[in-house]
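Undergrad: First the structure, which I've put down as structure tokens, then a few questions once you've had a look.
The values are calculated or read from the model by the stated rules, or taken from the named source; none is laboratory data. In this text the structure is predicted, and so the values were computed from the model without any measurement. Glycine gets a Cβ as well: all are built from the backbone with ideal geometry, and neighbour counts include every protein chain shown.
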Amino acid sequence: MSGRMVRESIEDVSLAVRSLFDIEASQLEPGAYRSRLDFIKTPKATVYREEYPLGTHIRGSLRDGLFGVAFPLEGPGARFLGESMGKNRLISAISGEEITFHAGGGFSQLVVLMDQSEFLRRADDTRLERKVLENVAPGRKEMPLPARPEEAQRTAQMFSGLLGPVGGIGFRQTAEDFEDLVFDSIFSILDVERRPRGKASSAALFRRATALVDPSAGRPCISRLCAELRISHASLENAFKATTGLAPLPFFQRQRLNRARQVLLNADPRVGSVTEIALGLGFTELGRFSVTYRSLFGEKPSETLWRRRPRSFALGATGNF
């Protein structure tokens with residue numbers, strides 16, 4: 001199965017891949033969020049190319065039984081667990097690992113997802129070196145994946161070519177041949193030199209800070225948050241900027257606005273009102289809430305409440321290939 005999806009708004013980021021990821025996506029820059037996702041999907045492998053038109057923060061995990069690798073294509077880059085990724089260190093994830101990912105506006109990437117048990121079985125059959133297997137097995141010590149940069153670039157270009165300008169339409173390989181190509185290509189990029197660096201302290205600090213803040217409880221007190229974490233304002237700000245590109249207060253404001261958008265989309269306008277929803281989420285200055293909401297999403301809160309939530313096609317069960 002192959003094709004293209006158009007994502008019309010920030011909520012479509014998670015909807016489009018809900019069979020593969022359990023994620024929460026937050027829009028961090030103002031504007032209309034419209035992008036596309038081109039894909040090829042078989043029973044044991046999925047490859048897709050996606051765009052992030054605006055700054056986006058993602059947190060979540062892969063669903064059960066998957067292993068994934070992402071290749072940067074264009075744009076300002078992305079930060080994964082607080083680290084900058086490149087062609088020699090790729091974003092990767094195994095089901096059960098928490099993903100924290102920030103994409104700058106204009107960033108695009110190619111994502112390869114595989115059946116985890118099949119990947120490990122083939123890796124064992126291929127007799128990969130122990131150091132390589134440690135980088136891709138459950139319980140590994142780090143998530144960024146050391147990779148051969150030349151092979152990584154070649155692999156990204158090859159799959160982008162298969163996806164083509166119209167989302168893989170007209171792709172004619174069998175599912176089995178495509179899966180062989182996917183697994184063999186990922187094996188070819190793995191770097192035999194293990195370079196453990198651990199998770200960046202900024203990412204760990206960011207996770208600790210966000211765990212202490214309830215997005216529905218109003219504007220957080222940064223001084224109190226720093227006191228609870230036993231760190232300085234500068235340390236907290238550096239951690240947030242390293243992970244999301246934003247200082248703490250602007251990040252939390254956008255997170256709360258994204259939460260408000262989800263509530264508005266799911267509310268019954270005949271029962272609830274924008275005022276009730278905004279107050280329930282800790283927005284006490286309703287005029288400012290409306291202005292900042294419209295600046296971020298390009299529509300009034302009332303327009304979100306009264307329009308129907310768009311039905312978004314998602315990568316689900318594989319049909320005929």
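Undergrad: Filter region 287-301 for residues that are part of a helix (DSSP H, G or I) and either touching a helix residue (DSSP H, G or I) at 6+ places or on another chain (Cβ under 6 Å) or not hydrophobic (A, V, I, L, M, F, W, C) (or both) and give the result. So that I can check it myself, show each step before the final result.
TA: Of all residues in region 287-301, those part of a helix (DSSP H, G or I) come to 287-297, 301.
Result: Gly287, Arg288, Phe289, Ser290, Thr292, Tyr293, Arg294, Ser295, Leu296, Pro301.
Residue by residue, here is whether (1) on the phi > 0 side of the Ramachandran plot; (2) free of Cβ contacts under 8 Å to residues at least 60 places away in the same chain holds:
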residue: Gly31; (1), (2): yes, no
residue: Arg36; (1), (2): no, no
residue: Pro43; (1), (2): no, no
residue: Arg79; (1), (2): no, no
residue: Glu98; (1), (2): no, no
residue: Arg121; (1), (2): no, yes
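Undergrad: Here is a list: Ser26, Ser2, Ser92. Which entry is buried (at least 16 other Cβ atoms within 10 Å of the Cβ), modelled with pLDDT of 90 or more and closer than 27 Å to Ala175 by Cα?
TA: Working: Ser26 fails: closer than 27 Å to Ala175 by Cα; Ser2 fails: modelled with pLDDT of 90 or more.
Answer to the selection: Ser92.
Undergrad: Taking strands (runs of 3 or more DSSP E) that do not extend beyond region 1-116, which have at least 2 residues that are over 23 Å from Gln157 (Cβ atoms) and either in the same structural domain as Arg148 (by TED's automatic domain parsing) or hydroxyl-bearing (Ser, Thr, Tyr) (or both)? Walk me through how you get there before you give the answer.
TA: Numbers: elements: 2-7, 21-27, 35-41, 45-52, 56-62, 66-74, 78-80, 89-94, 99-103, 107-115.
Here the list reads 2-7, 21-27, 56-62, 99-103.
Here's the yes/no breakdown for (1) exposed (fewer than 15 other Cβ atoms within 10 Å of the Cβ); (2) under 20 Å from Asp184 (Cβ atoms); (3) at pLDDT 85 or above:
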residue	(1), (2), (3)
Lys131	yes, yes, no
Val136	no, yes, yes
Arg140	no, no, yes
Pro144	no, no, yes
Arg148	no, yes, yes
Glu151	no, yes, yes
Gly161	yes, yes, yes
Gly167	no, no, no
Gly170	yes, no, no
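Undergrad: While we're looking at this one, here's another question. Search region 253-280 for residues that are under 10 Å from Trp306 (Cα atoms) and touching a residue at least 12 places away in the same chain (Cβ under 8 Å) and pair each with any residue that is charged (D, E, K, R) and crowded, with 17+ Cβ neighbours inside 10 Å when their beta-carbon atoms are under 7 Å apart and the residues are at least 6 apart or on different chains.
TA: Sorted first by the residue in region 253-280, then by its partner, the pairs are Leu265/Glu11.
Undergrad: Only one of (1) under 30 Å from Ser235 (Cα atoms); (2) touching a residue at least 24 places away in the same chain (Cβ under 8 Å) fails for Val17. Which number is that?
TA: Condition not satisfied by Val17: (1).
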